[in-house]
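Down below is the structure, laid out as structure tokens.
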Amino acid sequence: MKTSKTFLLFTVLLAIYSCEKEHTSSAPEITAGECRNMIVNYYDTTLAGGYHYPVTFNLDLDINGTDDIQFQSEIWGSPGMGQIPKSMIRCLHPSAKLLGVFTSDTLFLNRDTIVQEGLYPNTWEMYLIHNYTCNRVEDKDTVLAITPDFNIKPLQRGEIIRKSDAFNSDTVTLTQYFSHSYPMLVGVVGDTTIYEYNVHFNDCDTFPQETVAFIGVFMDNERLGWIKISIFDRYKIMIQESALQESGLIK
């Protein structure tokens with residue numbers, strides 16, 4: 001009798017151990033646009049923020065009552081800088097991550113000097129131009145700063161999203177473009193009037209425009225998914241749909 005009870009206890013423990021080994025998980029890769037065995041949400045929403053009036057839209061990818069991803073559209077700037085369109089995406093908690101690339105942002109300084117005749121005879125005007133850019137203009141440009149950054153990797157339908165890819169919980173600028181300058185009178189030396197221009201130019205936030213693209217997501221270090229969007233005029237975001245893996249068993 002004692003032997004039978006011992007055997008029964010061993011059988012129960014073995015069954016419990018086996019169930020623990022069959023833990024909840026999901027397939028290690030999916031394709032962008034895939035919907036099979038996925039939680040699919042349809043939004044068909046377009047964000048278009050105003051001048052210093054950002055608008056946002058939240059996504060609850062797994063429909064558990066907690067928002068996971070937020071999109072933001074806005075136009076910022078000033079009378080001197082002009083109106084600058086901008087679109088962003090942010091993770092609302094650490095368990096929501098975006099597929100992208102860990103990289104570095106570099107700030108370059110390009111210097112140029114222009115001399116031309118002045119308004120009056122035998123006078124000259126000199127322009128000292130300092131271009132601050134995110135792309136190198138000439139080989140001689142000075143590197144002012146290098147900062148670590150994370151950029152979204154846009155995907156096309158059918159591209160593979162893997163758990164082994166680079167994911168990060170972050171706030172990321174999708175698109176932004178601006179160019180503005182600050183002219184300043186330096187002084188007069190002899191017959192030459194000297195001006196200095198500080199020009200800031202940024203064209204490095206370049207998520208695809210006017211086309212359908214997918215953003216890969218990774219939830220709770222377990223489930224892969226994607227978000228389908230289009231961006232117009234650098235700040236109008238059309239959020240179309242999302243999909244996230246359902247939890248399954250690995251046997």
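Please list the non-local residues whose amide H lies under 5 Å from the amide H of GLY77, H modeled 1.01 Å from N, same-chain partners needing a gap of 5 or more.
For GLY77, the qualifying residues are ILE84.
Express the relative contact order of segment 131-223 as a whole percentage, based on alpha carbon pairs under 8 Å and six or more residues apart in sequence.
The normalised contact order for segment 131-223 reaches 39 percent.
Quick check on segment 149-251: take the gyration tensor over C-alpha atoms, sort the square-rooted eigenvalues as a ≥ b ≥ c, and tell me if it's rounded (a/c under 1.5), prolate or oblate.
Details: a/c = 4.98, a/b = 3.02, b/c = 1.65.
Judged from the Cα gyration tensor, segment 149-251 comes out prolate (a/c at least 1.5, a/b above b/c).
What angle, in degrees between 0 and 90 and rounded to the nearest 10, separates the Cα long axis of helix 2-21 from the longest principal axis of the Cα atoms of the chain?
Between helix and principal axis, roughly 20 degrees.
Check cross-link reach from LYS163 to the aspartates and glutamates: straight Cα distance under 14 Å, and skip same-chain residues fewer than eight apart.
Cross-link targets: GLU29, ASP220, GLU222.
Apply the a/c threshold of 1.5 to the C-alpha gyration tensor of the chain and tell me whether it is rounded, prolate or oblate.
Verdict is prolate for the chain.
Long-range amide H contacts for ASP68: which residues qualify at under 5 Å (H placed 1.01 Å from N, peptide plane, sequence gap of 5 or more or a different chain)?
LEU59, ASP60, LEU61
What are the ³J(HN,Hα) couplings of segment 202-213, residue after residue, when phi is run through the Karplus curve with 6.51, -1.76, 1.60 and θ = phi - 60°? Round to Hz, x for glycine and proline.
Karplus-based 3J(HN,Hα) across segment 202-213 equals 10, 9, 9, 8, 10, 4, x, 9, 6, 8, 7, 9 Hz.
With the dipole of segment 154-244 worked out from charges on the C-beta (+1 for Lys and Arg, -1 for Asp and Glu) around the Cα centre, which of ASN221, THR193, ASN168 lies farthest toward the positive end?
ASN221
Amide H to amide H, which residues 5 or more places from LYS153 or on other chains are under 5 Å from it, using H placed in the peptide plane?
HN-HN under 5 Å from LYS153: GLY100, VAL101.
Tell me the carbon and sulfur percent of the accessible area for the chain, rounded to whole percent, probe radius 1.4 Å.
54
As I understand it, the dipole of segment 44-153 uses +1 on the Cβ of Lys and Arg and -1 on the Cβ of Asp and Glu, about the Cα centre. Which of ALA48, PRO121, ASN135 lies farthest toward its positive end?
Sorting the options by dipole projection puts first ASN135.
Excluding ligands and nucleic acids, what accessible area in Å² is computed for GLU241 using a 1.4 Å probe, to the nearest 10?
Here the residue's solvent-accessible area equals roughly 30 Å².
With a cut-off of 8 Å between alpha carbons and a minimum separation of six or more residues, what is the relative contact order of segment 161-211 in percent?
It comes to 38 percent, rounded to a whole number.
How big is the dipole moment of segment 34-135 about its Cα centre under a simple scheme where the beta carbon of each Lys and Arg is +1, that of each Asp and Glu is -1, and everything else is neutral? Debye, nearest 20, please.
Numbers: 5 positive and 11 negative charges, 24 e Å.
So the dipole magnitude of segment 34-135 works out to roughly 120 debye.
Quote the charge dipole size of the chain about the Cα centre in Debye, to the nearest 20; the model charges only the Cβ of Lys and Arg (+1) and of Asp and Glu (-1).
1260
Taking only protein heavy atoms and a 1.4 Å probe, what accessible area per residue, in Å², does the chain have with all protein chains in place?
Per residue, the chain has an accessible area of 58 Å².
Mind telling me which of PHE218, PHE71, PHE178 comes out most flexible in a GNM of the chain, alpha-carbon contacts under 10 Å?
PHE178
Going by accessible area, probe 1.4 Å, with all protein chains left in place, what is the ranking of CYS35, CYS134, largest first?
Correct descending sequence by accessible area is CYS35, CYS134.
So which of LYS86/LYS228; LYS86/LYS140; LYS86/LYS153 end up more than 24 Å apart, counting from Cα to Cα? List each step's numbers first, then the result.
Details: LYS86/LYS228 18 Å; LYS86/LYS140 31 Å; LYS86/LYS153 18 Å.
Among LYS86/LYS228; LYS86/LYS140; LYS86/LYS153, the Cα-Cα distance tops 24 Å for LYS86/LYS140.
For n ≥ 4 DSSP H runs only, could you compute -39500 (n - 2.57) per run for the chain, divide by its residues and tell me the 222 nm figure to the nearest 500?
Helix-only estimate at 222 nm: -2500 deg cm²/dmol.
Sequence gap at least 6, Cα distance under 8 Å: using those rules, report the relative contact order of the chain to the nearest whole percent.
Once normalised by length, the contact order is 27 percent.
The values are calculated or read from the model by the stated rules, or taken from the named source; none is laboratory data. Small disclaimer: the values here were computed from a predicted structure and weren't measured. Virtual Cβ from ideal backbone geometry, glycine too; neighbours counted across all protein chains shown. SASA here: full protein model, heavy atoms, side chains in, ligands and nucleic acids out. Shrake-Rupley method; radii C 1.70, N 1.55, O 1.52, S 1.80 Å.
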